[in-house]
Each structure stands twice: as C-alpha cells, then as structure tokens.
C-alpha cells in the first residue's frame with residue numbers, strides 16, 4: 001500500500017498494475033526517485049525506461065488519459081473549494097466569528113493552495129478543468145478574506 005500511495009501522490013498515470021507513466025520533467029524525475037526509494041524499501045525493484053509512442057494515435061491516447069487524470073483532480077479541487085465557501089457562508093449565517101474558526105478556515109485554504117500547486121505541476125499537457133478549479137479557488141480565497149475581515153472587526157473593537 002505504501003508504494004501505491006507514493007505512486008498516487010506523485011501524479012503518475014497508472015497504465016496497468018505495476019506499470020506507470022511519468023512525463024519526462026524535473027518534477028516527475030524527482031517523483032520517480034521517491035517511488036524508486038519506496039519500492040526498494042519494501043524489497044521490490046523498479047525498471048525505468050524512456051519510451052516514445054509509436055504512432056500519433058498512441059500519443060493522443062496517452063495525453064487524453066493524462067489530461068483525464070488531471071481533470072478529475074481539478075474537479076475534486078473545485079468541489080473542495082466550494083465546500084469551503086459554503087462552510088464560511090454557514091459561519092456568517094451563525095455569526096460565528098472566532099479566531100479558532102478563522103485558523104481552521106485559513107489552514108483549509110492553505111491545504112487547497114498546496115494541492116492546487118501539486119496539480120498544476122503535474123498538468124504538463126494543459127488539461128481542461130484548470131480554469132474552473134482556479135475560479136473555485138479564487139472564490140474560496142475571497143470567502144476566507146471576507147471571513148478574516150469579519151473576525152478582525154469583531155475581535156478588535
């Protein structure tokens with residue numbers, strides 16, 4: 001399971017069981033090094049090869065699969081950003097303006113920001129969905145900004 005988590009965390013494209021594809025970028029070379037270490041830790045071995053698609057159709061299918069994986073990540077990110085906006089709207093409705101709650105909302109936004117950066121780094125083919133995710137993230141940032149101002153107003157009278 002440790003290997004599977006590291007492969008998933010790396011953003012590699014799972015082609016088959018125990019067969020993954022990494023784009024040839026610095027970010028993914030670093031990820032491959034991490035995967036190689038984890039596989040070695042559990043007594044396995046990695047055979048890394050550089051491959052080229054034989055036909056344009058093969059390349060297109062690989063890019064489509066890659067973009068679909070990133071699109072799914074962007075969709076999930078957008079959903080989590082929208083949940084944060086709803087949560088903050090709920091805090092406004094309850095008039096719950098505490099520093100503890102603000103810390104929680106800011107921590108969630110930072111988690112989303114880090115996730116967004118990881119997805120962006122893996123999105124080497126310009127997947128659809130990035131614009132929607134970015135718009136959702138901006139809404140989440142704005143909501144946290146509104147909440148920060150409201151908490152500040154109420155705690156600094």
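We did not get these values from a lab; they are worked out from the coordinates using the rules stated. The shown structure was predicted, so the numbers you read here are calculated from the model rather than taken from an experiment. Reconstructed Cβ throughout: ideal geometry from the backbone, glycine too, with neighbour counts over all protein chains shown.
A few comments on the model shown:
- Each residue in 115, 66, 4 was given a count of other beta-carbon atoms within 10 angstrom of its own, and listing them fewest first yields 4, 115, 66.
- Cα gyration tensor shape of the chain, rounded if a/c is under 1.5, else prolate or oblate by comparing a/b with b/c: prolate
- Note: relative contact order over the chain, using C-alpha pairs below 8 Å and six or more positions apart, is 28 percent.
- Among 105, 110, 95, 73, sorting on how many other beta-carbon atoms sit within 10 Å of each Cβ, with the fewest leading, yields 95, 110, 105, 73.
- For the chain, built as a Gaussian network whose Cα springs stay under 10 Å, the top-fluctuating residue of 21, 57, 31: 57
- GNM flexibility winner over the chain from 59, 106, 27 (Cα, springs under 10 Å): 59
- Computed FRET value (nearest 0.05) for residue 93 with residue 29, which takes r as the C-beta separation and R₀ as 41 Å: 0.30
- CD proxy at 222 nm, helix term only [per DSSP H run n ≥ 4: -39500 (n - 2.57); per residue of the chain; nearest 500]: -25500 deg cm²/dmol
- Shape of the range 2-41, Cα gyration tensor, a/c cut at 1.5: oblate
- In terms of its C-alpha gyration tensor, the range 114-157 has a prolate overall shape, because the principal axis ratio a/c (a ≥ b ≥ c, square roots of the eigenvalues) is not below 1.5 and a/b outweighs b/c.
- Among 117, 108, 134, residue whose mean-square fluctuation peaks in a GNM of the chain (springs only between Cα atoms under 10 Å): 117
- With neighbours defined as other Cβ atoms within 10 Å of a residue's Cβ, the residues 19, 49, 3 order from fewest to most as 49, 19, 3.
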